[in-house]
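Here is the structure we will look at, set down as structure tokens.
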Amino acid sequence: MTTPSPGERERFVDSVGEVLASWNLPRATGRVYGALLLRDAPATFEELRAELGLSAGAVSTGVRDLVSWGLARTIPQPGSRRLRIEAAGGFEQLLAASHVRTRAFIEVLRGGAGLADGPDAAARLGDVTGLFEAYVEAGERMLRERVTKG
């Protein structure tokens, strides 16, 4: 494996920031995630702040967002209030976090089933609900197949 240049790493981190910004997350959150993905070891808030040139508040918000999305986790340090942060590992963990959010959304959609103005709106709501149900079912099937193959 070749060692990437600092410019290549920076472009990757910025690109992850842009993608997550398109998901309506702060660009800084995406940059924190990009940096975490490239690290072998967990990082401290201070390391991320220095590496990315972000404020302490931006790093803190980014980490909080990533943890809530299941994309990162914090690791307490014994005898210290400091935390280390690492990108969530594993397809299974990321998919499970996505399914938790999607199942909550499906329940909200199902709650609106009797509220539609008419048959067109009811059909559209049913289609959207079905799409998200199919997404979860497909993900669960992929997880089961990985378990039986692994």
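Can you spot a residue in the stretch 72-85 that is buried (at least 17 other Cβ atoms within 10 Å of the Cβ) and closer than 25 Å to ARG146 by Cβ?
Scanning the stretch 72-85, I find at least one residue that is buried (at least 17 other Cβ atoms within 10 Å of the Cβ) and closer than 25 Å to ARG146 by Cβ, so the answer is yes.
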_Please pick out the residue among SER55, SER68 that is closer than 29 Å to VAL100 by Cβ and open to solvent by 60 Å² or more (accessible area, probe 1.4 Å)._
SER68
*Working only within the stretch 42-71, note down all residues that are more than 28 Å from ARG146 (Cβ to Cβ) and acidic (Asp, Glu).*
GLU46, GLU47, GLU51
_Selection within the stretch 24-44 - over 15 Å from ALA87 (Cβ atoms) and either open to solvent by less than 30 Å² (accessible area, probe 1.4 Å) or out of contact with any Gly (no Cβ under 8 Å at 6 or more places or on another chain) (or both)_ = ASN24, ALA28
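The values are calculated or read from the model by the stated rules, or taken from the named source; none is laboratory data. All of these numbers come straight from a predicted model, not from anything done at the bench. Cβ sites come from the backbone with ideal geometry, for glycine too, and all protein chains shown count toward neighbours. These accessible areas exclude ligands, DNA and RNA; they are computed on the full protein's heavy atoms, side chains included. Shrake-Rupley method; radii C 1.70, N 1.55, O 1.52, S 1.80 Å.
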